[in-house]
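**Q** First the structure, which I've put down as structure tokens, then a few questions once you've had a look.
The values are calculated or read from the model by the stated rules, or taken from the named source; none is laboratory data. In this text the structure is predicted, and so the values were computed from the model without any measurement. Here the Cβ is made from the backbone with ideal geometry for all residues, glycine too, and neighbour counts use every protein chain on show. We work out accessible area using only protein heavy atoms, side chains counted, and drop any ligands, DNA or RNA first. Shrake-Rupley method; radii C 1.70, N 1.55, O 1.52, S 1.80 Å.
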Amino acid sequence: MDKIPDEDAPRSRFRGRRVLVPVAAALAAVAATVAMTSAANAGTTLGASAAEKGRYFGAAVPAFKLSDSQFASIVNREFNQLTPENEMKWDATEPQQGRFTYSGGDQIVAHAQSHGMLVRGHTLLWYQQQPGWAQGMSGTALRNAAINHVTQVATHYRGKIYAWDVVNEAFADGGSGGRRDSNLQRTGNDWIEAAFRAARAADPGAKLCYNDYNTDGINAKSTGIYNMVRDFKSRGVPIDCVGFQSHLGTSVPGDYQANLQRFADLGVDVQITELDITQGSNQANAYAQVTRACMAIPRCTGITVWGVRDSDSWRGNDNPLLFDRSGNKKAAYTSVLNALNSGTPIPTTAPPTTPPPTTPPPTTPPPTTPPPTTPPPTGDGCTASVSLNSWNGGFVATVKVTAGSTALRGWTVRVTLPSGAAITNTWSAQASGSSGAVDFRNVDYNGQVGAGASTEFGFQGTGASPSGTPSCTAS
């Protein structure tokens with residue numbers, strides 16, 4: 001179909017406040033935690049069943065509801081992944097420019113960690129729920145502020161987030177398949193790419209996702225996103241996953257699974273990120289259909305429902321969730337659990353079933369190599385290379401430091417900035433200044449680099465980006 005009919009999918013996606021590690025390793029850790037702490041529940045709860053298949057099944061939660069005993073009990077029993085509803089959005093984390101607050105997001109992360117759950121970070125940049133100061137900005141000033149926001153928030157949560165919705169809902173509805181007009185889009189068509197590069201530099205271990213709605217079938221909007229992802233993959237822009245919100249009406253598009261599969265075929269993971277389905281005679285079947293579609297695709301790594309009980313939903317009287325307003329399991333819950341239990345685990349690479357061929361010993365001794373007439377080098381210090389994401393008025397630089405034939409105990413990289421350029425933010429290094437020739441020295445966790453191995457640091461700046469090759473000195 002060209003697009004989901006209005007009666008089958010809500011078109012408004014604003015959710016205001018209501019008082020409010022690599023994939024395999026992260027999912028393996030969740031599976032191990034479930035196995036150790038909930039062995040008796042294996043296959044009888046959503047999270048445990050998903051973990052058995054190498055996936056997660058999660059829920060979006062507001063921090064304040066974690067003090068609701070019924071709500072928290074369901075969350076802790078049923079799910080192995082959490083998404084903050086509003087606590088990590090721009091207006092919540094940077095209410096005043098340059099002044100960051102993370103209390104709500106930190107509370108959800110701490111709760112998840114204490115219960116062995118993954119966290120999906122939602123969301124770094126979105127055209128809605130921007131703080132008032134950002135709404136009044138445009139052009140280069142807004143671009144620099146947005147990239148700084150991505151850098152600061154992703155750095156704060158570095159190592160704690162399984163996957164980030166780096167950019168949310170940047171494509172327009174309708175038949176154009178083009179970008180949504182917004183203050184962010186008006187900073188330049190490369191703003192999404194700039195955000196992904198900044199997020200990768202700030203938190204290299206997190207999966208980086210693009211997230212949107214009304215993209216559940218093959219239509220103009222989902223195809224526009226598909227083309228962007230294909231372009232990003234071809235040019236090395238760091239994108240790891242695509243989120244499909246799946247706010248559905250009374251049915252599921254007939255090409256739902258095929259749509260997920262075509263994105264997976266691009267080499268990205270697919271995740272169902274905000275699932276809710278209007279209550280009716282088909283609700284249980286529709287939930288099962290969505291779950292089976294995910295389970296049939298090895299690169300579909302998990303499902304998140306947007307809320308826990310019907311009373312928690314942003315969709316009014318649609319009653320679109322798996323638990324009713326009293327916290328009881330609905331028929332849709334059972335259909336999802338059955339689909340998870342009957343699903344196929346994400347395949348792993350199996351060891352060979354036959355031993356590798358052996359090579360018989362040579363019938364004549366191999367030739368010997370005379371010793372070199374000069375001793376081998378004792379070490380060649382280090383080298384540095386830089387990759388840049390630049391726009392009119394600013395840039396983000398990622399610098400790779402590579403050790404020579406001898407391990408490093410410390411390093412210093414010198415970068416010369418053009419006249420008028422200035423560094424506004426640095427991560428994973430200490431900078432000696434902000435303009436001209438700037439020396440970047442390692443911090444405590446990345447100074448020791450094995451022979452031939454590499455580490456990275458980054459910085460953000462205004463003005464023209466640096467050119468030339470940085471120098472590197474071992475220390």
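**Q** Let's see if you can work this out: charge +1 on each Lys and Arg Cβ, -1 on each Asp and Glu Cβ, no other charges. What is the dipole magnitude of the range 46-342 about its Cα centre, in debye to the nearest 20?
**A** Dipole magnitude for the range 46-342 comes out near 460 debye.
**Q** What fraction of the Cα pairs in the range 102-157, stated in percent, has a spacing above 17 angstrom?
**A** 46
**Q** Might you report the magnitude of the Cβ-based charge dipole of the range 35-150 about its Cα centre, with Lys and Arg at +1 and Asp and Glu at -1, to the nearest 20 debye?
**A** With Lys and Arg at +1 and Asp and Glu at -1, about 220 debye.
**Q** Taking θ = phi - 60°, what integer Hz values does the Karplus form 6.51 cos²θ - 1.76 cosθ + 1.60 yield along the range 265-278, in sequence order, with x for Gly and Pro?
**A** Using θ = phi - 60°, the values come out as 5, 6, x, 10, 6, 10, 9, 8, 9, 8, 5, 7, 9, 3 Hz.
**Q** May I pose another question? Given a 1.4 angstrom probe, what's the average accessible area per residue across the range 81-145, in square angstrom?
**A** 33
**Q** Something else about it: Measuring from label point to label point, each 7 Å out along Cα→Cβ, what is the residue 138 to residue 325 span in nm?
**A** Computed distance between label sites residue 138 and residue 325 equals 4.5 nm.
**Q** If you build the convex hull over the alpha carbons only and average its shadow over all orientations, what do you get for the range 406-475? Give it in nm² to one decimal.
**A** Orientation-averaged projected area of the Cα hull: 4.5 nm².
**Q** Give me Rg over Rh for the range 154-310, both radii from the alpha carbons and Rh done the Kirkwood way, two decimal places.
**A** 0.97
**Q** Shifting gears a bit: In whole Hz and in residue order, list the ³J(HN,Hα) couplings for the range 404-420 that follow from phi through the Karplus curve 6.51 cos²θ - 1.76 cosθ + 1.60, θ = phi - 60°; x for Gly and Pro.
**A** x, 7, 10, 4, 9, 9, x, 8, 9, 10, 9, 10, 9, 8, x, 4, x
**Q** Moving to a separate point now. Rg and Dmax of the range 46-342, Cα atoms, in Å?
**A** Looking at the range 46-342, its Cα Rg and Dmax stand at 18.2, 52 Å.
**Q** Using protein chains only and a probe of 1.4 angstrom, how many square angstrom of residue 117 are accessible, to the nearest 10?
**A** Per-residue accessible area (residue 117): approximately 20 Å².
**Q** Within the range 157-177, which residues have the backbone N less than 15 Å from the label spot 7 Å out from residue 230 along Cα→beta-carbon, could you tell me?
**A** 177
**Q** Then there's this: Keeping the other protein chains in place, figure out the carbon and sulfur percent of the accessible area of the range 46-342, with a 1.4 Å probe.
**A** Whole-percent figure for carbon plus sulfur exposure: 45.
**Q** Here's something else I'd like to know. Could you do me a favour and compute the accessible area per residue for the range 382-474, 1.4 Å probe, result in Å²?
**A** Here the per-residue accessible area is 44 Å².
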